[in-house]
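Asker: Okay, handing you the structure first.
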Amino acid sequence: MKFGILINEGPFTHQASDSAYRFAEAVLARGHEIYRVFFYNDGVYNCNKLSEPQSDDRNLVALWSKLGTENGIDLVVCIAAALRRGIKDEVVAEGFRISGLGQLVEAGIEADRLVVFGD
Amino acid sequence: MKFGILINEGPFTHQASDSAYRFAEAVLARGHEIYRVFFYNDGVYNCNKLSEPQSDDRNLVALWSKLGTENGIDLVVCIAAALRRGIKDEVVAEGFRISGLGQLVEAGIEADRLVVFGD
Amino acid sequence: MEEWEESGPEVVKRFMYVNRRAPYGTIYALECLEVVLIAAAFDQDVSVVFLDDGVCQLKKNQDTTAIGMKNFSRTYGALDDYDVEKIYVEKESLEARGLTADDLVIPVEVIAADDLRDVMAQQDVVISS
Amino acid sequence: MEEWEESGPEVVKRFMYVNRRAPYGTIYALECLEVVLIAAAFDQDVSVVFLDDGVCQLKKNQDTTAIGMKNFSRTYGALDDYDVEKIYVEKESLEARGLTADDLVIPVEVIAADDLRDVMAQQDVVISS
Amino acid sequence: MNSMLHLINKSPFERTALDSCLRVAKAGSSILLIEDGVYAALKNAAHAIKISTRMEDFSFYVLGPDVAARGLGDTPLIEGITVVDYEGFVDLVAEHEVTQSWL
Amino acid sequence: MNSMLHLINKSPFERTALDSCLRVAKAGSSILLIEDGVYAALKNAAHAIKISTRMEDFSFYVLGPDVAARGLGDTPLIEGITVVDYEGFVDLVAEHEVTQSWL
């Protein structure tokens, strides 16, 4: 089964990104496919490669980046939400790409299930 | 009278930064002084100079930057909160400085009033 | 439902966008509207539902001059131009706030929770923000 | 109060840090704790109050292994080392959640809303997060 | 005893911040509704009773710019709530010794 | 009619998301409590009645990792709520045709 995931909050402030990450790992563990992870609202902050959490804390940007590149998962950051929040190409971590909102609608169409994580 | 202002949320997502900005303008209009504005939690995103809102929308980063430089207001971004969220010197707009949490406590001590804006 | 109806380029899914937040206090109302306007360009079946504080997004006479934020309430009028016609407002939420359909910027279908329940259960994709 | 008591380097203000949020769902609990630990280094009068879902921050036996987040509940034990001794937990909030003082990671003063009201009204600075 | 100003920025329909404030705030305090907190001032709303029954305990204020933004300039507010602008907000903060935000 | 899974990630003490879900969700649906939503599963809490009175209408689940994180592994949960892990969460999403998050 193909899963789509929508993340509406940034790392750390809300648990949304953590929950989505654990969920995504479990989706793969159960033998399903992840069609796309779409980052919207403050979710766009999840791709900021300048993020530097304390050494004993998890690094969500790095975790998503690794999960995406190792499993060929499409990690899409909404361009409109990113622009107003100052997330531009120069700070985008490996494995993420910036694109339009149509990619979210497409995920809704193409994936068998869409799950939203937010505040 | 000396005012301190604490902002706990980033621009756009919550009204906190907008409210604090209008409040700060009114503090000056009423003849008071602003001892310091401290940006904590997601509030650290308010200093991101890469922020590029739509042309018909307000630019909160630019507004704070201008208010701070024109009125000599101390705009302090918490270093611990900023680091985990990927806000580093290279993206900090003019007029803001990154410093420690002690600056918030100091604002509480030195200012006559401290007002918190958040979610 | 036959297998061929579930896949292929001509699949039409029922998308519902759920708004439960007041405008201005947070950006969710505005950014959800931006999604709906994009979604309208895809040939899918789009519904938009407003319940809880979401009904406040449609209140007439919004004037944001003094708060310095962009007044986007007029944009709801564009939904009709984009052929988004299924716009539901929950009756209970409207009444709890002392509002009526006359207070809203666009014509909507005011719907009781009992009926909204059925509309929601017919969707294929539900997007909340 | 005389003028000289209100200013100068030896002024001591009463600071209250108010926690109303559950841990992990949002970062506010952790980042408020970080402020309190810094605040303790200043020679001020510090109180920390937990009410509403904030009381859940102090629940014993937190185990964050499976959610991958840092378990910071042990850090509350450091408040005593930092001489932060005025720690209040609202009785009504604790009871509404079916919890008692025995469920908490540190000794606290459980205080009814009626008394918390007076403690709050004696503060000079109230910081919420 | 310091005089207190309480700030409520959350809708009473969605969050319990106002309830907590009304439970813990000392009689004689002032309460200012800002941002989505202004919905608590709606006279014809189901939640109006939360405030209308406490008019003797507290002085209630609401931020006009937030009322207007939400299109409530034409909507009846609970009698006895004073409407202020941002400068009035500053004056309230100055007049009270401590401000507490119910986030 | 599609089978639905409702996700609640907010504390019932602070937000009204669970109330709205229980008002609008169709009988026969499933409800999974995650993140701060797990506090709604506390058996001895004042809000337990919200769920305990609706056990016949819905199938209730709670995410174990979020229960453990909050130190509730030793605390009685409402009888009849099924505890699942992240893989169980995925299975629930797969078994229901639509998932709705009550943000």
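FYI, it's all coordinate maths here, none of it is from the lab. Note that the coordinates shown come from a computational prediction; the quantities given were computed from them, not determined experimentally. All Cβ positions, even for glycine, are placed from backbone atoms using ideal geometry, and neighbour counts span all protein chains on display.
Asker: Could you tell me which of the pairs C:Lys86/F:Lys26; C:Lys13/C:Lys91; A:Lys2/E:Lys10; D:Lys70/F:Lys43; B:Lys2/C:Lys60 are separated by over 30 angstrom between their Cα atoms in the structure shown? Show your work: numbers first, answer last.
Answerer: Working: C:Lys86/F:Lys26 20 Å; C:Lys13/C:Lys91 26 Å; A:Lys2/E:Lys10 38 Å; D:Lys70/F:Lys43 27 Å; B:Lys2/C:Lys60 39 Å.
Checking Cα-Cα distances, A:Lys2/E:Lys10; B:Lys2/C:Lys60 exceed 30 Å.
Asker: Ok, one more. Under the definition of partner shielding as Cβ atoms of other protein chains within 10 Å of a residue Cβ, what is the mean value for peptide A:38-50?
Answerer: 4
Asker: Under 5 Å between amide H atoms, partner at least 5 residues away or on a different chain: which partners does A:Leu6 have, H built in plane at 1.01 Å?
Answerer: A:Phe38, A:Val115, A:Val116, A:Phe117
Asker: Okay, next question. For the peptides F:62-72, C:33-43, what is the packing order when you average, over each peptide's residues, the other Cβ atoms within 10 Å and list the highest mean first?
Answerer: F:62-72, C:33-43
Asker: Also: Checking the a/c ratio against 1.5 first, then a/b against b/c, what shape does the Cα gyration tensor give for the protein assembly as shown?
Answerer: In terms of gyration-tensor shape, rounded.
Asker: Counting other C-beta atoms within 10 Å, which of B:Asp119, E:Asp91 has the fewest, and how do the rest follow?
Answerer: E:Asp91, B:Asp119
Asker: Tell me, what is the FRET efficiency for D:Ile106 and E:Ser59 to the nearest 0.05, using R0 = 30 angstrom and their Cβ-Cβ distance as r?
Answerer: My answer for the efficiency is 0.20.
Asker: Counting only other chains, what is the mean number of Cβ atoms within 10 angstrom of the Cβ of each residue in peptide A:15-25?
Answerer: Per residue, the number of nearby Cβ atoms from other chains is 6 on average.
Asker: Give me the distance in nm between label points sitting 7 Å out from Cα along the Cα-to-Cβ direction at C:Asp115 and F:Asn44, one decimal.
Answerer: Inter-label distance under the simple model: 4.7 nm.
Asker: If I take the rotation axis that carries chain E onto chain F, which residue of chain E has the nearest beta-carbon, and at how many angstrom?
Answerer: Of all Cβ atoms in E, the one closest to the rotation axis yields E:Arg15, 3.
Asker: I would also like to ask the following. From other protein chains only, count the Cβ atoms within 10 Å of every residue's Cβ in D:52-65, then give the mean.
Answerer: What the average comes to for D:52-65 is 5.
Asker: Would you mind telling me the antiparallel percentage of the DSSP bridges in the protein assembly as shown, rounded to 5? Can you show the working numbers first?
Answerer: Working: 9 of 111 bridges.
If we restrict to bridges inside the protein assembly as shown, about 10 percent are antiparallel.
Asker: Continuing with the same structure: Hand me the GluC sites (Glu not before Pro) from the stretch F:29-103 located in a DSSP loop with no more than 10 other Cβ atoms within 10 Å, in residue order please.
Answerer: Those satisfying the criteria are F:Glu56, F:Glu79.
Asker: Right, something else. Checking the a/c ratio against 1.5 first, then a/b against b/c, what shape does the Cα gyration tensor give for the stretch D:8-129?
Answerer: On the way: a/c = 1.97, a/b = 1.32, b/c = 1.50.
Since a/c reaches 1.5 but b/c is at least a/b, the shape of the stretch D:8-129 is classed as oblate.
Asker: Right, another one. Please rank C:Met120, C:Met69, E:Met55, fewest neighbouring Cβ atoms within 10 Å first, as an exposure proxy.
Answerer: Taking fewest neighbouring Cβ atoms as first place, the list is E:Met55, C:Met69, C:Met120.
Asker: Got a sec? How would C:Ser47, A:Ser55, A:Ser17 order by Cβ neighbour count within 10 Å, fewest to most? Intermediate results must be reported in sequence, preceding the final value.
Answerer: Values: C:Ser47 21, A:Ser55 6, A:Ser17 27.
Going from sparsest to densest Cβ surroundings: A:Ser55, C:Ser47, A:Ser17.
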